[in-house]
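Below is one structure; the comments refer to it alone.
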Amino acid sequence: MTLYIDADACPVKDEAERVATRHGWTMVLVSNGGLRPSRNPLVQMVTVSAGPDEADKWIADRAGAGDVVVTNDIPLAARCVEGGARVLRPDGSRLDQGNIGAQLAMRDLMADLRAADPFRAGSGKGFTKADRSRFLDALEREIRAAKG
């Protein structure tokens, strides 16, 4: 049982480390580099090449049943769900067989809208304390459920 973090832009790495450590889980931070190493022996750092989606490929090739993945990347989430992993977004929302198809469709629709109107500004909402709290609660539930 491993907690994989798509770490390049993940705002909840510290929170994930606290929960993983409390449960004795290995946490693997996967990025293109530039992360500060952890002194925690349960935390592993994996640096992949700078190519597009290299971190996603690395995680998807390894995550499976009994693992938890934290990512905002919908195609990565879909691959992990397909492989049997439990998937959370940093805001605590769960991605699973019941909603991943709709999430992929929404992602594609938004990409089409942005392509049709490149001047459309859409920065999205900021990450809040409530998001962080929801994530901590959701990660705790997912790890307990993965333990069975």
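The values are calculated or read from the model by the stated rules, or taken from the named source; none is laboratory data. Predicted, not measured: the structure shown is a model, and the values here were computed from it. Virtual Cβ from ideal backbone geometry, glycine too; neighbours counted across all protein chains shown.
Listed values, structure above:
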quantity: Test for residue 38: is it surrounded by 16 or more Cβ atoms within 10 Å (Cβ to Cβ), not β-branched (Val, Ile, Thr) and not in a helix (DSSP H, G or I); calculated: yes
quantity: Which numbered condition residue 4 fails, given (1) under 12 Å from the mean Cα position of the chain (by Cα); (2) among the aromatic types (Phe, Trp, Tyr); (3) part of a helix (DSSP H, G or I); calculated: (3)
quantity: Single residue of 91, 112 found to be charged (D, E, K, R) and either in a loop (DSSP other than H, G, I, E, B) or modelled with pLDDT of 95 or more (or both); calculated: 91
quantity: Filter result for the condition that a residue is over 24 Å from residue 130 (Cβ atoms), in contact with a helix residue (DSSP H, G or I) (Cβ under 8 Å, 6 or more places away or on another chain), among the small types (Gly, Ala, Ser) and in contact (Cβ under 8 Å) with a residue 40 or more places away in the chain, over 83, 92, 66; calculated: 66
quantity: Criterion violated by residue 27 - all others in (1) surrounded by fewer than 17 Cβ atoms within 10 Å (Cβ to Cβ); (2) aliphatic (A, V, I, L, M); (3) part of a strand (DSSP E or B) satisfied; calculated: (1)
quantity: Tally, over the stretch 6-51, of residues that are in contact with an Asp or Glu (Cβ under 9 Å, 6 or more places away or on another chain) and closer than 21 Å to residue 147 by Cα; calculated: 7
quantity: Any chance residue 81 is at pLDDT 70 or above, of a type in the set (A, V, I, L, M, F, W, C), touching a strand residue (DSSP E or B) at 6+ places or on another chain (Cβ under 7 Å) and assigned to a helix (DSSP H, G or I); calculated: yes
quantity: Hey, residue 55 in a helix (DSSP H, G or I) and closer than 22 Å to residue 145 by Cβ or not; calculated: no
quantity: Some residue of the stretch 30-44 being over 26 Å from residue 106 (Cα atoms) and touching a Pro at 6+ places or on another chain (Cβ under 7 Å); calculated: no
quantity: Condition met for residue 5 (surrounded by fewer than 20 Cβ atoms within 10 Å (Cβ to Cβ), under 26 Å from residue 128 (Cβ atoms) and of a type in the set (A, V, I, L, M)); calculated: no
quantity: Number of the exception - residue 5 against (1) touching a residue at least 12 places away in the same chain (Cβ under 8 Å); (2) within 15 Å of residue 141 (Cα to Cα); calculated: (2)
quantity: Any hit, the stretch 70-89, residues being surrounded by 17 or more Cβ atoms within 10 Å (Cβ to Cβ) and in contact with a Cys (Cβ under 7 Å, 6 or more places away or on another chain); calculated: yes
